[in-house]
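One structure is given here, and the rest of the page talks about it.
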Amino acid sequence: MIYVLLADDDEDDRLIFREAFGEIKIKTTVKTVNDGVELMDYLNRNEDELPHILFLDLNMPRKNGLDCLSEIKSINRLKDIPVAIYSTSASEEDIEDTLVKGANIYIKKPNDFGTLKKILEEVITINWQYHTSGLNREAFLLNR
Amino acid sequence: MNLRAMISSNSFVRGILVISLFALIFIFSVTYKHTIALRESTEILIRSYKIQGSLEQLFSCLRDAEIGQRGYLISRDSAFLNPYYSARSKSIEPYMQLDSLITNNPQQQDNLDSLWDFINLRFALLAHSLELDNEPDINKSRLDENMVRGDKVMDKIRSQINNMIELESLDFNEHQKDLTHDIYFTPNWTLFLLFFSLLVFVFSFIKINNNLIDLKKTNEYLNVTNESFRHAEDIGNFCSWRWFIDTNKFVFSDNQYRLLGCAPQSFEPTLENFLEFVHPEDRHIITDGVTLALKKAKPTSAFFRVIRNDGELRYFKSVSRLAASNGGKLLIGINSDITEQHISNMALEERNRELELSNKELASFNHIASHDLQEPLRKIQTFVSRITEKESSNLSETGKEYFIKVQSSLIHMRNLIDDLLQFSRATKTEKKFELVDLTLLLENAIQELIQDIEEKKAEINTSQLPVLNVIPFQIQQLFINLIGNALKYSQQHIAPVITINYDVINSDDYPFLKYTDQKKYHRIAVKDNGLGFEQQYAEDIFQLFYRLLPKAEMTGSGIGLSICRKIVENHKGFIFAESNPGIGSTFSVFLP
């Protein structure tokens, strides 16, 4: 059972995300939080149960995704969680910043439900131990 | 040229004038010397005639005495003895005259002494003859002997006189010869020198005259220049001033006063008096500027406000520079009334700021709009795809058809928003130029389009492109848009053939590049065998939202080529299209 955590302030996106995981073959547990502050609270509270992979939206109120990413990478206990950026925008600036700050993969939210399922399935089946982003931009950006 | 310059120089004229002056002095002194010599020789001639005359007089006295005595001896008439008795005293006068004439000639004096001795001897002999004759018994033989002796002495006297005359004429001839020699040469020399001097004077006169004419011309020209400068000052709203630093004297041009609203030269030109007119807040600009101008040789400029005599506020610009004049330091400057320019400049700046602001607002509006529109659109698309997948069994045929129409509209909208976002990115002025191989960017672009290329079975011919200083992602976008267009507007049933050519061209060969500052341009041409269009639309197609084909036929947003042009303009380049309907189009990009 793979444990997936999503931080996204958009309710519709959280819904679509859950539904997509509900329809893929691999069994997952999906937990969602509503913003960056909640995310950091959650991670700090549940010390024993860290997610196998964290999906992080960038544009969130209170604390945005980029700040969360920096914080996570600075905390020893959390820094090994694979982080997948999950954002509406795919601006060069955002891609560059998150890559430098140590995110593992960048997903631009797809327009199509089928595509979303395909991508999510792909992401959770990656063996993160071997997938080091290694500052490789091509491998970092999953879809355009 | 050098020689001519030397001849026309004033010092040359002065030089030859001095030379000719010396020549004249020389001529005068030579002439004077010769006049003196001539007078001397005349004196010598007169003296020699006088000597000759006196000698002859002396001789004739002697002769008279002799003839008288002889007459008495023959006739015994004592009347014949009168000349004999007077001869002795008569001979004294010519002797004295002779003595005085030859005082400074020792040789002649000796001659005269011996002559005088002979004469005395002759007189003695004559007297002796008379004594012998008076004796009662006349000794005939002794008388004859005495007579013969007297004849001999007479011969000696004659020869002595001839001697003296000869010597005198010899002396005269000698002197005459010297004189003739001198005088023979002198007239030629004098004439030559005279002509030379005359020539020099004529030349100098012409030269000086010409110089005067030149001076007059220069003066006239200077007057005209001065006059036109005065007019220029008037027309151009500027004035000039000079400050002789050593003497602390100022000269203001008339217009300086007029620009300050005063009558020309109506107050003493000093710095203090000028500062009276300067806006109190700006006075330090002048004083600081003057200190600065005095320090460096470069021109310094200052901007300040002036309150004119009538109270009107004017904006002035002053440019001044340190100069040297006759060894003294001089600050020269020009003040211009730039109020009109200043006001229009300020208005222009204000408008520019407004324009910049509205441009910025527009760009950010465009960016935010296209960016923020993505989110709801994505959700609509996702939920529509959910409905058509999950709920299609609950829909009627009409409903399904409608949903297909909704989906195609959504795709169009997405294209529009994507392109708008791209356009706003091309407009945003973050210009990170990098030196990159354009061949690589072209390859990336083709890779992006690989799906379309394969679908349309297109043939792409690429060339080696240069390494240039560009914004990489923009140039890649340019290639994507151009090749994408060629694919999109291909002819049905004909596989697209897209050729990318590269060469370097001379700006002079292209009218639109002629007046740019680049001599050479890189030309990258993307050629296709697609639908093409009428050449008359070649310019219009680069306009935002301009479409040549009706919406239903093609899925263009009308933004793609606008992005291309924006990108090329960001690189200070040019883009042009050439096309033939049914044959194909060529898009040429010129990059510096």
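The values are calculated or read from the model by the stated rules, or taken from the named source; none is laboratory data. A quick note: this is a predicted structure, and the numbers were derived from the prediction, not measured. Quick reminder, even Gly has a Cβ in these numbers, built from the backbone with ideal geometry, and neighbours come from all protein chains shown.
Key figures for this structure:
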| read-out | value |
| --- | --- |
| Inter-residue pairs, beta-carbon under 8 Å, first closer than 20 Å to B:Arg76 by Cα and in the stretch B:106-134, second loosely packed, with under 15 Cβ neighbours inside 10 Å, 6+ apart | B:Leu132/B:Ile138; B:Leu132/B:Asn139; B:Leu132/B:Arg142 |
| Which listed residue, of B:Asp419, B:Asp452, is crowded, with 17+ Cβ neighbours inside 10 Å and more than 60 Å from the chain's Cα centre (by Cα) | B:Asp419 |
| Residue in the stretch A:81-101 that is modelled with pLDDT under 90, touching a Gly at 6+ places or on another chain (Cβ under 6 Å), not in a helix (DSSP H, G or I) and not acidic (Asp, Glu) present | no |
| Meets criteria (modelled with pLDDT under 85 and more than 13 Å from chain B (Cβ to nearest Cβ)) for A:Lys73 | no |
| Positions within the stretch B:230-253 being among the charged types (D, E, K, R) and buried (at least 17 other Cβ atoms within 10 Å of the Cβ), in sequence order | B:Glu233, B:Arg242 |
| Complete set of residues in the stretch A:102-112 that are crowded, with 19+ Cβ neighbours inside 10 Å and more than 11 Å from chain B (Cβ to nearest Cβ) | A:Ala103, A:Asn104, A:Ile105, A:Tyr106, A:Ile107 |
| Members of the stretch B:186-211 found to be of a type in the set (Phe, Trp, Tyr) and surrounded by fewer than 11 Cβ atoms within 10 Å (Cβ to Cβ), listed by number | B:Phe195 |
| Residue check, B:Lys296 closer than 21 Å to B:Glu233 by Cα, away from chain A (no Cβ under 14 Å) and either basic (Lys, Arg) or in contact with a helix residue (DSSP H, G or I) (Cβ under 6 Å, 6 or more places away or on another chain) (or both) | no |
| Number of the condition not met by B:Glu66 [criteria: (1) outside any helix (DSSP H, G or I); (2) under 30 Å from B:Met147 (Cβ atoms)] | (1) |
| Filter pass, B:Ile483 being at pLDDT below 85, β-branched (Val, Ile, Thr), in contact with a Leu (Cβ under 9 Å, 6 or more places away or on another chain) and not assigned by TED's automatic domain parsing to the domain that holds B:Ser409 | no |
| Test: residue in the stretch B:370-379 that is more than 12 Å from chain A (Cβ to nearest Cβ) and either closer than 17 Å to A:Phe113 by Cβ or touching a Pro at 6+ places or on another chain (Cβ under 8 Å) (or both) | no |
| Residue that is nearest to the other protein chains (Cβ to nearest Cβ) [pool: residues in the stretch B:380-414 that are outside any helix (DSSP H, G or I) and either exposed (fewer than 13 other Cβ atoms within 10 Å of the Cβ) or among the basic types (Lys, Arg) (or both)] | B:Glu391 |
| Strands (runs of 3 or more DSSP E) completely within the stretch B:270-356 that count 2 or more residues being without any contact (Cβ under 8 Å) to a residue 60 or more places away in the chain and among the hydroxyl-bearing types (Ser, Thr, Tyr) | B:300-307, B:313-325 |
| Looking only at the stretch B:205-253, and only at residues there that are in a helix (DSSP H, G or I), in contact (Cβ under 8 Å) with a residue 12 or more places away in the chain and basic (Lys, Arg), the one that is nearest to B:Gln265 (Cα to Cα) | B:Arg230 |
